[in-house]
């Protein structure tokens, strides 16, 4: 299956570079380019790409707000991968909170770029360990908010689904979780899919954020 990709960056040379790297991949289809967040949101609405490579810092509308608007579009299944110059960029965390499914540094190796796009499209998370640690540290500094709706959603999770969420929050992949539970990776995919559905979130990254936000997992574990 072909994965449609929209490239968003305010620098034409950067967009061109990513296009040259990606368009040689038979599984990827570059459907468009945008030079700022406003254009990105409009193209996301009309083209409905599977993946958007979104620069964080852009004029008119930055990548964070553009991501919020894209992920809020009705009947939208587009996933956003943020592009940043440094892996400790101060905007990365807010981008993930805004609905991004992961991030990549702009100088990523071509094979890792392609692998990252495919991983996000398949529903895997795309977070570097440094970002995961920063997220945990941020949540440790604040009190979780457990509202009635969150409590009801938590109650719908089975014990195994709760355990799965805990491991996802620790950054484990489906394959790694499967080894912990000594089951097939297909079984874990089913558990993860059910967790996402019950929590009402779009992907693994948002499930982790939801879990920490509402105290469903212990950030100290």
Q.
Given (1) under 20 Å from residue 208 (Cα atoms); (2) touching a residue at least 40 places away in the same chain (Cβ under 8 Å); (3) more than 12 Å from the chain's Cα centre (by Cα), identify the lone condition not met by residue 79.
A. (3)
Q | Among residues of region 28-60, those that are at pLDDT below 95, in contact with a strand residue (DSSP E or B) (Cβ under 6 Å, 6 or more places away or on another chain) and assigned to a loop (DSSP other than H, G, I, E, B), counted | A | 1
**Q.** Whichever residue in region 149-165 is in contact with a helix residue (DSSP H, G or I) (Cβ under 7 Å, 6 or more places away or on another chain) and modelled with pLDDT of 85 or more and, among such residues, is farthest from residue 123 (Cα to Cα)
**A.** 156
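Residues to consider are 105, 131, 145, 168; find the one that is assigned by TED's automatic domain parsing to the domain that holds residue 82 and either at pLDDT below 90 or crowded, with 17+ Cβ neighbours inside 10 Å (or both). Outline the logic, then answer.
Working: 131 fails: assigned by TED's automatic domain parsing to the domain that holds residue 82; 145 fails: assigned by TED's automatic domain parsing to the domain that holds residue 82; 168 fails: assigned by TED's automatic domain parsing to the domain that holds residue 82.
Just a single option satisfies the conditions, and that option is 105.
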Q: Please tell me if residue 69 is touching a helix residue (DSSP H, G or I) at 6+ places or on another chain (Cβ under 9 Å), surrounded by 17 or more Cβ atoms within 10 Å (Cβ to Cβ) and within 21 Å of residue 124 (Cβ to Cβ).
A: no
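The values are calculated or read from the model by the stated rules, or taken from the named source; none is laboratory data. Remember, predicted model here, so these are calculated numbers, not experimental data. Note: ideal-geometry Cβ built from the backbone for every residue, glycine included; neighbour counts use all protein chains shown.
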